[in-house]
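All remarks here apply to the structure that follows.
The values are calculated or read from the model by the stated rules, or taken from the named source; none is laboratory data. Just so it is clear, the model here is predicted, and its values are computed rather than measured. Methodologically, a virtual Cβ is constructed for each residue, glycine included, from the backbone with ideal geometry; neighbour enumeration extends over all protein chains shown. In case anyone asks, the SASA skips ligands and DNA or RNA and just uses the protein heavy atoms, side chains included. Shrake-Rupley method; radii C 1.70, N 1.55, O 1.52, S 1.80 Å.
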Amino acid sequence: MTTERIPLAGVVGWPISHSKSPRIHGYWLKKYGLEGYYVPVGIRLQEFEETLRSMPRLGFVGVNVTIPYKESVLAIANSVTDRAALIGAANTISFRADGGIHADNTDGIGFINNLKQEEPDWDATAGTAVVLGAGGAARAVISSLLAEGAPKVILANRTRARGEVLQSHFGGRVEVRNWTEVHDLFSDAATIVNTTSLGMVGQPPLEVSLAKAPFGALVTDIVYNPLKTDFLLQAEQRGLLAVDGLGMLLHQAVPGFHDWFGQRPEVDAALREAVLAS
Ligand code: ATR
């Protein structure tokens, strides 16, 4: 008889039923024939810290953290990676053997690894990146583009002041422009990213023209419902490289799975299909 526990992992947030993470990790556990479970855990605000701290005792090796706890979990964590501190949020928690809470943010690296897998010739250093939006997703995208060596990041957001907060946070390589100028920002762009919620099912359309984007520019959208947004369709019609946002979701899950279950998982077409079917 073994005294070892079967590793448990999950995703914590509120509400939680919409999360695609159980499908992603469940697919990998089955694919690699690993012992373990990944479950959605809905936790109310007033119980968040206490529940999180009790999870290692129940056999949890780690969890993903989603809305509304991605920022507040940093204050509870015993250690925080540099990239999570820079982004100001965490999405991946590992429980140490002594119960310590280690917080990381893999959204930025998931964003980059998706682009590298889908367009291997893409190079962040090749030119300016234009980022639309200044919410939580923009913080992860901007920090990772800067880490990859983007020479300049032009940031346009409806609420300019939010863009300026990010500019002062990330420093000199970030320039803020007005949302009304957005169509004119693309002429030197190597990378164009929509991080706003515009274009998502149930949200207003993203009415931004890519007419000035140069040939060879890569356009990506963090919206993945619909999978092919009008923004990406426009990019394809103009002969630009278009990468959908589902891959970012899949790639951000890789480091957590690796750490918790001991296997570095692959993001492949079958995983995409399994997640889309859910
Ligand atoms: P997240 O943390 O997921 O990025 P968020 O903080 O709500 O979400 O950010 C959503 C982004 O979409 C913001 O950049 C928001 O612009 P504001 O900062 O001006 O709110 C942008 N957004 C949402 N609705 C918009 C609209 N109708 N027009 C332009 N931008 C919009």
How far, in nm, would the chain grow between Glu207 and Thr125 when pulled straight, counting 0.36 nm per residue and subtracting the alpha carbon separation? 26.8 nm
Tell me, what is the percent relative contact order of the chain, built from C-alpha pairs under 8 Å that lie six or more residues apart? 16 percent
Cβ charges +1 (Lys, Arg) and -1 (Asp, Glu), total dipole of the chain, debye: 440 debye
Can you give me the solvent accessible area of Glu47 with a 1.4 Å probe, rounded to the nearest 10 Å²? 90 Å²
If R₀ is 35 angstrom, what is the calculated FRET efficiency for the pair Leu45 and Ala269, using the beta carbon separation as r and rounding to 0.05? 0.35
Please list Arg238, Arg177 from largest to smallest accessible area, probe radius 1.4 Å, with all protein chains kept in place. Arg238, Arg177
Of all the accessible heavy-atom surface of the stretch 108-247, with the other protein chains kept in place and a 1.4 Å probe, what percent is carbon and sulfur? 48 percent
Mean-position separation - Cα centroids, the stretch 77-134 and the stretch 11-35, in angstrom: 19 Å
Accessible surface of Arg96 in the full protein assembly, 1.4 angstrom probe, to the nearest 10 Å²? 110 Å²
Anything over 31 Å Cα to Cα? Flag those among Lys31/Lys152; Lys30/Lys70; Lys31/Lys116; Lys20/Lys152; Lys30/Lys152, in the order listed. Lys31/Lys152; Lys20/Lys152; Lys30/Lys152
Could you work out the local net charge near Ala140, counting Lys and Arg as +1, Asp and Glu as -1, over the other residues with Cβ closer than 11 Å to its Cβ? +2
Charge tally for neighbours of Val219 with beta carbon under 14 Å away, counting Lys, Arg as +1 and Asp, Glu as -1, is -3
Nearest 500 deg cm²/dmol is fine: what mean residue ellipticity at 222 nm does the chain get from its DSSP H runs of n ≥ 4 alone, each adding -39,500 (n - 2.57), divided by its residue count? -10000 deg cm²/dmol
Which of Gly100, Gly171, Gly135 ends up with the largest GNM mean-square fluctuation for the chain, with Cα atoms connected below 10 Å? Gly171
Within the stretch 33-77, backbone nitrogen closer than 13 Å to the virtual label 7 Å beyond the Cα of Arg96 toward Cβ: 77
Averaged per residue, what accessible area in Å² does the chain show with a 1.4 Å probe, protein chains only? 47 Å²
Equivalent-ellipsoid semi-axes of the chain, from the Cα gyration tensor, Å, largest first: 34, 21, 16
Going by accessible area, probe 1.4 Å, with all protein chains left in place, what is the ranking of Lys70, Lys30, largest first? Lys30, Lys70
So for the stretch 108-247, using the alpha carbon gyration tensor with a ≥ b ≥ c as root eigenvalues (a/c under 1.5 gives rounded; past that, a/b versus b/c decides prolate or oblate), I'd call it rounded
Fluctuation leader among Gly33, Gly59, Gly110 - the chain, Gaussian network, Cα springs under 10 angstrom: Gly33
Zone of Ser54's modelled label, taken as backbone nitrogen in the stretch 14-31 under 18 Å from a point 7 Å along Cα→Cβ: 14
Surrounding net charge for Val130, when Lys and Arg each add one and Asp and Glu each subtract one, Cβ distance under 14 Å: -1
Place a +1 charge on the Cβ of each Lys and Arg in the stretch 108-247 and a -1 charge on the Cβ of each Asp and Glu, then give the dipole magnitude about the Cα centre in debye, rounded to the nearest 20. 400 debye
Where both residues lie in the stretch 64-166, what percent of DSSP beta bridges are antiparallel, nearest 5? 45 percent
